[in-house]
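> Following this message is one structure expressed as structure tokens.
None of the figures in this text is laboratory data; all of them are computed from the coordinates on show. What you see is a predicted model, and the numbers here were worked out from it, not measured in a lab. Every residue, glycine among them, receives a Cβ derived from its backbone with ideal geometry; neighbour counts consider all protein chains shown.
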Amino acid sequence: MIQRLIRIFITNSLKMISLLLAVSIISFILVCASPIDPVQQYIFSLGTAVSPQQRAEIEEYWGVNEPPVERYLNWLGEVLKGNLGESAIYRRPVADIIGQRFLNSLALMISAWILSGLIGFALGCVMGLYQDRALDKILKKICYILSSIPTFWLGLLFLLIFSVWLGWFPSGFSSPIGVLSENVTVWQKIHHLILPALTLSLMSFSNIALHTRQKLIDVLHREYAQFARARGEGKWMLLRRHGLRNIMLPALTLQFASFAELFGGSVLAENVFSYPGLGSAVSAAGLNSDVPLLLGVTLLSTLFVCIGNMIANILYGIVDPQIREVHK
């Protein structure tokens, strides 16, 4: 078992390194092809006019005039040393910005990820057990509608209903305005987290629910399930004894595959709710062509997805012994 885990870890680590290298190259090419002039955006953010000589000094300091290949190699060399560069917007090291905002984004994404998995799996089981009945049809329509609604629109709707009209939740941020960070309680942080996490989870549970429904229907139509039903076993007994193990692995696959989608959705959710996470930082970096911050967040999100897939590969063997035998 330990040898298998070591083999999986080494294999996934090599894949992760090659993927990070490929993502960094593609991201750098896309950023260089952007029509936004980072120097001009930086000068505009200063709010003051600069002379041509000062602009030339800024370009030399950032290495904008260097060939793209040389700029990439210089950036990659600094990254290998642990230096992600300095953000042009925040004028601070990229590593400090990521470290400060990553915990907020991690709390949001994990909360939404767990909620979407639980809600999607539970609704999928209910729809599968009550196939083609009124409850199944209603829940299917809800899943189709939610999967087609943009994240920002649902977030704005929740803000209007639960923040403006009902006043149950704050309208944004991760803590109350005017309160020092050391004085913010855990409940206040959770209170600010609930609405964006719920918005993000409702946008990603539909695929899990619909896929789980179909897998459960397939299981319930097999001969051994039909035989168990003929012996008098009820729906929920069939689910517990024959369905869960067969539908858990596909649901687990979709759940871990949703990491990339979850990170993309968090960018919109954080902007709608003014949540200070990586999503709001990367959108600001994209609008202002902050190359170091964009590349730093891109590498981190890729690493985040790769680690999620590695955890999924390990859990597959735990859930399904047949996969564990294949990997031996």
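> Modelling each spin label as a point 7 Å along the Cα-to-Cβ direction, I'd like the Ser181/Ser283 distance in nm, to one decimal.
With each label point 7 Å from Cα toward Cβ, the separation is 2.2 nm.
> Arrange the peptides 278-284, 89-95, 297-303 so that the one whose residues have, on average, the most other Cβ atoms within 10 Å appears first. Provide the component values of the computation, followed by the final result.
Numbers: 278-284: 23.4, 89-95: 16.4, 297-303: 20.1.
Top to bottom by mean Cβ count within 10 Å: 278-284, 297-303, 89-95.
> Please list, ordered by chain and number, the residues whose modelled amide H lies under 5 Å from the amide H of Glu86; skip anything fewer than 5 residues away on the same chain.
Val94
> Checking the cross-link filter: which lysines have an alpha carbon closer than 21 Å to that of Lys137, excluding same-chain neighbours under 8 positions apart?
Hits, sequence-local ones excluded: Lys215, Lys235.
> Another question, if that's okay. Where nothing but the Cβ of Lys and Arg (+1) and of Asp and Glu (-1) is charged, how large is the charge dipole of region 103-326 around its Cα centre, in debye to the nearest 20?
Details: 15 positive and 11 negative charges, 197 e Å.
Roughly 940 debye, rounded to the nearest 20.
> What ³J(HN,Hα) values, in whole Hz, does the Karplus curve 6.51 cos²θ - 1.76 cosθ + 1.60 give for region 28-41 when θ = phi - 60°, with x put for Gly and Pro?
Taking θ as phi minus 60°, the curve returns 5, 5, 5, 5, 5, 7, 5, x, 6, 8, x, 5, 5, 5 Hz for region 28-41.
> Next question, about the same structure. Please list 3J(HN,Hα) in residue order for region 201-215, calculated via the Karplus relation 6.51 cos²θ - 1.76 cosθ + 1.60 where θ = phi - 60°; whole Hz, with x for glycine and proline.
Per-residue couplings from phi come out as 5, 5, 7, 10, 8, 4, 4, 5, 4, 5, 5, 4, 4, 5, 5 Hz.
> Let me ask something additional. Assuming R0 = 41 Å, can you tell me the calculated FRET efficiency for the pair Gln3 and Leu80, based on Cβ-Cβ distance, to the nearest 0.05? Spell out each step's value before the answer.
Details: r = 30 Å, r/R0 = 0.73.
The computed FRET efficiency comes out at 0.85.
> Then there's this: Under the definition of Cα pairs under 8 Å and six or more residues apart, what whole-number percent is the relative contact order of the chain?
Working: 333 pairs, mean separation 91.3, N = 328.
Relative contact order comes out at 28 percent.
> Rounded to the nearest 10 degrees, what's the angle between the helix 278-287 long axis and the longest principal axis of the chain, both from Cα atoms, 0 to 90?
Value to nearest ten degrees: 50.
> Name all residues of region 127-157 having a backbone nitrogen under 19 Å from the label point set 7 Å from the Cα of Glu233 along its Cα→Cβ direction, giving them as ranges.
127-131, by backbone N distance to the label point.
> Specify the residue with the greatest mean-square fluctuation among Gln41, Gln54, Gln226, computed from a Gaussian network of the chain linking alpha-carbon atoms under 10 Å apart.
Fluctuation is largest for Gln54.
> I'd like the distance separating the alpha-carbon centroids of region 63-138 and region 192-251, in whole Å.
For region 63-138 versus region 192-251, the Cα centre distance is 27 Å.
> Give me Leu118, Leu84 sorted ascending by neighbouring Cβ count inside 10 Å, so fewest comes first. Numbers along the way, then the final one.
On the way: Leu118 14, Leu84 22.
Placing the least packed residue first, the sequence is Leu118, Leu84.
> According to the square roots a ≥ b ≥ c of the eigenvalues of the Cα gyration tensor, what is the shape class of region 103-326, taking rounded for a/c under 1.5, prolate for a/b larger than b/c otherwise, and oblate for the remainder?
Details: a/c = 2.48, a/b = 1.70, b/c = 1.46.
In terms of gyration-tensor shape, prolate.
> Can you compute the helix-only [θ] at 222 nm over the chain? Use -39500 (n - 2.57) per DSSP H run of at least 4 residues, normalise by all residues, nearest 500 deg cm²/dmol.
Details: 16 runs with 241 residues, N = 328.
Calculated from helices alone, the mean residue ellipticity at 222 nm is -24000 deg cm²/dmol.
> With a 10 Å Cβ neighbour count serving as the proxy for reagent exposure, in which order, fewest first, do Val184, Val164 appear? Before the final figure, lay out the partial values.
Working: Val184 14, Val164 9.
So the residues, fewest neighbours to most, are Val164, Val184.
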